[in-house]
Amino acid sequence: MGNRRKSREFSLQFLYARELTGWKLDEIASLFWKDRPASEDTRNYTNRIVSGVADHLGSIDMLIEQSSRNWKISRMSYVDRNILRIAVYEFLYEDSPPVVIINEAIEVAKRYGDGESGQFVNGVLDAIRKSLPNRNVPE
C-alpha cells in the first residue's frame, strides 16, 4: 500500500477518533502515533490532511451537503462523512488528480464503510468534482 493511501486511512482513523472523543487534534496526535508505525512522509501527509480538514471544516461540509442530494452531513455515518471530508480537502488544496482522489476514497470506503459506502462516496465526490472550476472535464 502506498504512502498516500496509508495517509488517507490514518486520516480517516484520526478524524473518526476526533468525532467520537471530541478531543483536540494535538491530544489525539500524541496517542495516535504511539502505536502506528509510519514513514515520515506518511505522518506528514496525514497531519496535513487532518489539519486541513479541521481548518476548512465549515466550507468542506457545506460543499458536501450541497452535492449529496437530500443528505445532511449529520445523518451520514462517521466513516462516510470523514472519507468525503478528506477527499474534498484534497480536491481543493492538494495536487492529486480528481480521478485518483475519487478512486482512493472509494477503496477506503469499501474497506472501512458499509456495503453502500463505496457507491455513496463515488456519487457525492463525482458531483463535487463536476461542480468545481477546472475539475468538470471528463477524466
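The values are calculated or read from the model by the stated rules, or taken from the named source; none is laboratory data. Keep in mind the model is a prediction, meaning the values are calculated, not measured. We place every Cβ from the backbone using ideal geometry, glycine too, and count neighbours over all the protein chains shown.
The residue that is farthest from F91 (Cα to Cα), counting only those in region 1-24 that are of a type in the set (A, V, I, L, M) and modelled with pLDDT of 90 or more, is L20.
Quick one: is A38 among the aliphatic types (A, V, I, L, M), assigned to a loop (DSSP other than H, G, I, E, B) and either surrounded by fewer than 11 Cβ atoms within 10 Å (Cβ to Cβ) or free of Cβ contacts under 8 Å to residues at least 60 places away in the same chain (or both)? Yes, satisfied.
For the structure I just gave you, tell me whether D80 is at pLDDT below 95, acidic (D, E) and out of contact with any Leu (no Cβ under 6 Å at 6 or more places or on another chain). No: the conditions fail for D80.
Only one entry in I64, I102 is in contact (Cβ under 8 Å) with a residue 40 or more places away in the chain, buried (at least 21 other Cβ atoms within 10 Å of the Cβ) and not in a loop (DSSP other than H, G, I, E, B), namely I64. Is it fair to say I83 is among the hydrophobic types (A, V, I, L, M, F, W, C), in contact with an Asp or Glu (Cβ under 7 Å, 6 or more places away or on another chain) and under 23 Å from G2 (Cα atoms)? It is false that I83 is among the hydrophobic types (A, V, I, L, M, F, W, C), in contact with an Asp or Glu (Cβ under 7 Å, 6 or more places away or on another chain) and under 23 Å from G2 (Cα atoms). Going through (1) closer than 17 Å to N3 by Cβ; (2) surrounded by fewer than 22 Cβ atoms within 10 Å (Cβ to Cβ) one by one, V108 falls short only on (2).
When each of S117, S77 is tested for being crowded, with 20+ Cβ neighbours inside 10 Å and in contact with a Ser or Thr (Cβ under 9 Å, 6 or more places away or on another chain), the lone residue that passes is S117.
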